[in-house]
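The values are calculated or read from the model by the stated rules, or taken from the named source; none is laboratory data. This one's a predicted model, so the numbers in the text were calculated from it and none came from an experiment. Cβ placement follows ideal geometry from the backbone for every residue including glycine, while neighbour counts extend to all protein chains displayed. Only protein heavy atoms, including side chains, enter the accessible area calculation; ligands, DNA and RNA are left aside. Shrake-Rupley method; radii C 1.70, N 1.55, O 1.52, S 1.80 Å.
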Amino acid sequence: QLQASGGGSVQAGDSLRLSCAASGATFSFHYMGWFRQIPGKERELVAQIITDDLKKDYAESVKGRFTISRGNAKNTVYLQMNNLKTEDTAVYYCAARGLSDVIYGYWGQGTQVTVSS
């Protein structure tokens with residue numbers, strides 16, 4: 001139900017935009033977010049957005065550089081990543097959860113982001 005795209009290999013300082021298209025019961029997706037995972041480490045929340053009121057939260061490590069936004073159709077979420085750093089290298093996942101869900105239960109496939117110096 002979630003399809004992520006937009007990853008790639010870039011140089012430090014470059015930008016990338018990730019896209020996540022949701023299909024199916026998207027009305028139940030109150031929160032949509034982007035996570036990332038480095039091999040051997042836990043998956044971490046990078047940014048999330050409340051699809052109704054557009055309130056956004058970011059990990060401290062990406063504040064000021066990444067921007068999460070929702071498309072006009074409500075079923076698409078973007079992650080604009082600027083001034084990328086080598087430590088941003090990871091597999092990025094799109095995820096969604098309902099209002100009453102404690103954890104993210106819907107996941108897209110990962111998209112690799114590689115930042116080289």
When region 91-103 is examined, which residues are found to be closer than 28 Å to Ser9 by Cα and either of a type in the set (D, E, K, R) or open to solvent by 30 Å² or more (accessible area, probe 1.4 Å) (or both)?
Val91, Tyr93
Take the residues in region 16-37 that are open to solvent by less than 60 Å² (accessible area, probe 1.4 Å) and assigned to a loop (DSSP other than H, G, I, E, B); name whichever of them is nearest to Tyr106 (Cα to Cα).
Phe29
Which members of region 90-107 meet the condition of being touching a residue at least 24 places away in the same chain (Cβ under 8 Å), within 14 Å of Leu45 (Cα to Cα) and in a loop (DSSP other than H, G, I, E, B)?
Tyr104
